[in-house]
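Each remark here refers to the structure printed beneath this line.
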Amino acid sequence: MYTEKQPPRAETPSGADTPGDNTQLRKVALSSLLGTVLEYYDFLLYSTMAALVFGKLFFPSSNSAASTIAAFGTLAAGYAARPIGGILFGHFGDRLGRKSMLIVTMVMMGGASFVIGLLPDYATIGVLAPILLVALRLIQGIAIGGEWGGAALMVIEHADKDRRGKWAGIMQLGSPIGFLLSTVVVMVVTMLPDESLYSWGWRLPFLLSGLLVAVGLYVRLGVVESPVFREALEQAEAESEPKAATPLVQLLRNPRPLLLACAAGIGPFALTALTTSHIIAYATDTGYDESEVMRTLVAMSVVSLVCIPLFSALSDRLGRRTVTMAGAVGAVVFALPLYALVNTGSVLWLTVGLLIAQVVQNLMYAPLAPLLAEMFGTEMRYTGVSLGYQMASLIGAGFGPLIASSFVASTGGSSLPLSAIIGVTALVTATAIWRMAETRGRDLTAEFVRE
């Protein structure tokens, strides 16, 4: 828990920024935004390609459902690597600083995607092709495991306490922008004839990652370290205190905040996985044209461009718990109607259903960055935020499409298990939010007492 007592503040170095410095904050927000765009572009691009082409190219089978399940299995492998990245980069981010870890994660993340675009398929090198694909997916997952937490902290630890949601909302725009960019690029390449798409067209979106990395690094190298972290580091050095246990050990000694952070993110991750990557395979199998589904996904991204910053900023006024709880309750209520609308076969009702689901998801997701950051002390914040967020992504989104594909295949196409997944995971989020205290406005420099 947090005490009201504050440690003596170290003197801020001349020329260094302090929380609320808008000039540096704008640079930090842009840097974090670009990193998050790359993160979601790469990961959602893979999800889309897993649904469209990877089953045929890397996991050939006479059974198309089996190929799709195998392709989504590699998607889950990437999510499984994310908590490892959260622990790894969180540890060094809490000990050495946020900025240096974010440079490493960006290079790893974009580099892995670029190499995927150069990878030979199963017909060319046999079983080595899916092995290499899974290996690159793991590298990508490890990098992403440290990216979101560091990017969120850089923004939140630079912002003043009354506007953390507002600035974090800008950073989290990387989610819809990355998804929009990946969707548009995929829409363009899927206009190619099937022969061209399967031979070289699918590679182009992955190769584009190289350009995104170059732009992101240019901006990221120009920002300064988090003032909250720098102050904590200088204070520890001034007091010459013995180094505390590793951040992970400190978290495990008092695991309640970590468990609540994880549970809070499960609902939005499960919903977004089922309404983005899995819906492509489900809707096309039930009669929708791929282009119709992709246009709907673009509309969903546009909705998020408005809703995420709005709901994140709203959490500065109403509280993180209120906004997130509204989304969780909405997801429980809308779980059954969502797939009822999708199953009508009407593009109009498909679009209406998915747009409502996106608004509900944004209510749960938008306050997540400030909520998680305000739950942990500075000496373990990078690890706590990253591990909590990535464990939620593993449970909610990593296994969601895999389980959903298996259920649909085993039940002859029934959507009831899909609605159940959304409802149950949203209840997990609602329960976590109900059990935690409001974090809005919490002092990030306050002493964290380990129990």
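The values are calculated or read from the model by the stated rules, or taken from the named source; none is laboratory data. Predicted model, so just to flag it, every value in this text is computed and none were measured. Positions of Cβ are generated from backbone atoms using ideal geometry, with glycine treated the same way; all protein chains shown enter the neighbour counts. Keep in mind that these areas ignore ligands, DNA and RNA; they rest on the heavy atoms of the full protein, side chains included. Shrake-Rupley method; radii C 1.70, N 1.55, O 1.52, S 1.80 Å.
Helix 320-342: angle to the longest alpha-carbon principal axis of the chain, degrees 0 to 90, nearest 10?
Compared with the principal axis, the helix lies near 0 degrees.
Set Lys and Arg Cβ to +1 and Asp and Glu Cβ to -1, take the dipole of the chain about its Cα centre, and tell me which of ALA50, ILE421, HIS278 lies farthest positive.
The residue sitting farthest along the positive end of the dipole is ILE421.
Just how much of PHE269 is accessible, in Å², when a 1.4 Å probe is used and the result is rounded to the nearest 10?
For PHE269, solvent-accessible area is about 10 Å².
What angle, in degrees between 0 and 90 and rounded to the nearest 10, separates the Cα long axis of helix 227-239 from the longest principal axis of the Cα atoms of the chain?
The helix 227-239 is inclined about 40 degrees to the chain.
Report, in debye and to the nearest 20, how large the dipole of the chain comes out about its Cα centre when Lys and Arg carry +1 and Asp and Glu carry -1 on their Cβ.
So the dipole magnitude of the chain works out to roughly 380 debye.
How far, in degrees from 0 to 90, does helix 381-393 lean away from the longest principal axis of the Cα atoms of the chain, to the nearest 10?
With both axes taken from Cα atoms, the answer is about 20 degrees.
Which value, in Å², gives the accessible area per residue of region 23-227 when a 1.4 Å probe is used on the protein heavy atoms? If you can, show how the numbers build up before the last one.
Numbers: 6970 Å² over 205 residues.
Heavy-atom SASA per residue in region 23-227 reads 34 Å².
Once the other residues with Cβ under 15 Å from the Cβ of ALA263 are scored (Lys, Arg +1; Asp, Glu -1), what is the net sum? It would help to have the intermediate numbers written out before the result.
Values: positive: ARG256, ARG320, ARG321, ARG435; negative: none.
Computed value for this residue: +4.
Roughly to the nearest percent, how much of the accessible area of region 246-445 is carbon and sulfur, given a 1.4 Å probe?
Working: 4680 of 6730 Å².
Percent of accessible area from carbon and sulfur atoms in region 246-445: 70.
Taking Cα atoms of the chain, Rg/Rh with Kirkwood Rh, to two decimals?
Working: Rg = 21.3 Å, Rh = 21.9 Å.
Using only Cα positions, Rg/Rh for the chain is 0.97.
Picking from PRO255, ALA232, SER304, whose Cα lies most toward the positive end of the charge dipole for the chain (charges on Cβ: Lys, Arg +1; Asp, Glu -1)?
Toward the positive end, the furthest listed residue is PRO255.
I need to check one value: relative contact order of the chain, counting alpha carbon pairs closer than 8 Å and at least 6 residues apart, in percent. Could you put the intermediate results ahead of the total?
Numbers: 825 pairs, mean separation 124.8, N = 451.
The value is 28 percent.
Compute, for region 246-445, the length of the dipole vector about the Cα centre, with Cβ point charges of +1 (Lys, Arg) and -1 (Asp, Glu) only. Units Debye, rounded to 20.
640
Sort out the exposed loop trypsin sites (Lys or Arg not before Pro) in the chain (DSSP loop, at most 12 other Cβ within 10 Å) and tell me the longest stretch that has none.
On the way: sites that count: LYS5, ARG9, LYS243.
The longest uninterrupted stretch comes out as 10-242.
Taking only protein heavy atoms and a 1.4 Å probe, what accessible area per residue, in Å², does region 246-445 have with all protein chains in place? Provide the component values of the computation, followed by the final result.
On the way: 6730 Å² over 200 residues.
Each residue of region 246-445 exposes 34 Å² on average to a 1.4 Å probe.
Per the 1.4 Å probe, what fraction of the accessible area of region 23-227, in percent, lies on carbon and sulfur atoms?
On the way: 5040 of 6970 Å².
It is 72 percent, rounded to a whole number.
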